[in-house]
1. Looking for whichever is open to solvent by less than 80 Å² (accessible area, probe 1.4 Å), of a type in the set (Asp, Glu) and either without any contact (Cβ under 8 Å) to a residue 40 or more places away in the chain or out of contact with any helix residue (DSSP H, G or I) (no Cβ under 7 Å at 6 or more places or on another chain) (or both) here; the options are 415, 365. Which one fits?
2. Go through the residues of region 284-305 one by one and say whether even a single one is closer than 26 Å to residue 90 by Cβ and among the polar types (S, T, N, Q).
3. Within region 167-174, can one find any residue that is among the basic types (Lys, Arg), out of contact with any Ser or Thr (no Cβ under 8 Å at 6 or more places or on another chain) and either under 21 Å from residue 222 (Cα atoms) or in a loop (DSSP other than H, G, I, E, B) (or both)?
4. I'm checking my understanding of the structure. Among residues of region 116-151 that are touching a Gly at 6+ places or on another chain (Cβ under 8 Å) and under 22 Å from residue 244 (Cβ atoms), which one is surrounded by the fewest Cβ atoms within 10 Å (Cβ to Cβ)?
5. For residue 385, indicate whether it is in a helix (DSSP H, G or I) and open to solvent by less than 100 Å² (accessible area, probe 1.4 Å).
6. Could you check how many residues of region 168-195 are buried (at least 20 other Cβ atoms within 10 Å of the Cβ) and either more than 23 Å from residue 113 (Cβ to Cβ) or of a type in the set (Val, Ile, Thr) (or both)?
7. Would you check if residue 331 is of a type in the set (S, T, N, Q), within 30 Å of residue 157 (Cβ to Cβ) and either open to solvent by 30 Å² or more (accessible area, probe 1.4 Å) or modelled with pLDDT of 85 or more (or both)?
8. Determine which member of the set 328, 284 is part of a loop (DSSP other than H, G, I, E, B) and closer than 30 Å to residue 194 by Cβ.
Amino acid sequence: MAYRTSCHDHKRVRRGDPTDATSQSTCLIYDVLPAGMLKEVANYLQAPSRILFAIAITPTINASSPYDIIMSRCRRQVGHSSIAGDDWHTLDFGDVEEELAAKLSDDDISKALLHIDAANKVKRLRLTNCVNITGSGLSPLLGSTSIEQIDLSLVGSHKLPQLDPEPALSNKMVLPILHSIISQESNSLKHIQFPHFWRKEEPYSFRFSEFLERYDEMLENSTMACCGTRLGDGLILFSEAWYGIQDWTCSECTKYYCYECTDKNGIEILHFCQTCERNYCSACAAMVQCSTCTDFLCVDCAPLIACANSTCSNELICKDCREECDECKKSWCYDCDCGVCEDCSRACCRSCSDKEGVNGMHWCEVCSSTICDDCRIKRCKSGENNCNDCVEIISTKLLEENKKMQVENKELRDEIKRLKYANKSLWEQNAYLGNEVEELTQKIDTIRMLASSF
């Protein structure tokens, strides 16, 4: 007899296993909804999300699937990237949620770059927060002649470049791709922001150093400053502190500026921020100068504050040129009265140091030491410091400590008296219990004698 299946069984078979190739290649949303509607929906998404959405709903053709073979014949012809869009001057993965970018794999990045034809369309690529990739997903950029800027720092603008834990991005994977780009005579590459952990690796990677030399040579032969001056040697820094930093280039607009390029006020246009380790021109970022160290910093990543001393001439001070008082929590520049203990690193301003009961900071002119009162007392007690001026500085503290010790001594004497009284009471209780035990023992012996006589 022929085998028959029920309607219920038939539907169950048609749905199939989610892992089946046919199920994977079928995209009902793409087939049912008009392309214009899908594109309209995509317009509400950030650029990277728009690409991932387009990839997710675009069906893949599977020759072994009868459904796809039939549908491919009647499906409307929609441009490969029409849903994702065609204007891809800048692709910044920092435009999506940090949690999403951190989960993207090399395969996700590769599919995204292929989907929009990044090698021919993208000018600026920023892998912000893509800490999960090794770099192999950048292979679609091999030999690109249109890419102008690649930001591999994995952090956004005006953010600290140090990442913990160290990301998986490998120069072994990325550098061959970059080599293929700079090897093209007609390449458009202007700026690369390298990861901080590549630049601070010890010892320096030979592979990375070799690429920096080739990249520096390429830039020297092709770059011109805004004023028309050829920049010449040394666009890539090889000094220990700033190894691998591209100099004379704004990391935002990628324009080149020499040291002769100034604004109408005669101020240099390009400045390097010590915090985010990037160069910015005056048109791309607001930069301010520290009154103490004269370094420039981005206002957005390292806000400068005024010294707590109202009469101080240092109007703005950076975080590296100020101390915060541990008592009042106000910030003071190094030129003002906020001392730091040489022994315990405690910081205390003069105003707080003069208050009673505060472990203040004082300067001794005789022994040239700036230490807090507690550490000065320790030095004097240990015999390490026999300076009379130091003793005079802490005389008030010593008197307070002496009074405190007298109080503690009296409390200890009272405690000893209490313990002696308690000890006497315990002895009396012990003697009483001893007598009780002796009487009970005698009674037990009497009872035993009486019991043995029967």
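1. Values: 365 fails: open to solvent by less than 80 Å² (accessible area, probe 1.4 Å).
Selected residue: 415, the only one of 415, 365 that is open to solvent by less than 80 Å² (accessible area, probe 1.4 Å), of a type in the set (Asp, Glu) and either without any contact (Cβ under 8 Å) to a residue 40 or more places away in the chain or out of contact with any helix residue (DSSP H, G or I) (no Cβ under 7 Å at 6 or more places or on another chain) (or both).
2. Keep residues of region 284-305 that are closer than 26 Å to residue 90 by Cβ, which gives 284-287, 296-302.
Right, trim to among the polar types (S, T, N, Q) and you get none.
No, region 284-305 contains no residue that is closer than 26 Å to residue 90 by Cβ and among the polar types (S, T, N, Q).
3. Looking through region 167-174, none of the residues is among the basic types (Lys, Arg), out of contact with any Ser or Thr (no Cβ under 8 Å at 6 or more places or on another chain) and either under 21 Å from residue 222 (Cα atoms) or in a loop (DSSP other than H, G, I, E, B) (or both).
4. Ranking the candidates gives 128 first.
5. no
6. Here the count works out to 3.
7. So residue 331 passes the test.
8. Answer to the selection: 284.
The values are calculated or read from the model by the stated rules, or taken from the named source; none is laboratory data. Just so it is clear, the structure is predicted and the values come from calculations on it, not from any experiment. Ideal geometry is used to build each Cβ from the backbone, glycine not excepted, and the neighbour counts take in all protein chains shown. Just so you know, the surface numbers come from the protein's heavy atoms only, side chains and all, with ligands and any DNA or RNA stripped out. Shrake-Rupley method; radii C 1.70, N 1.55, O 1.52, S 1.80 Å.
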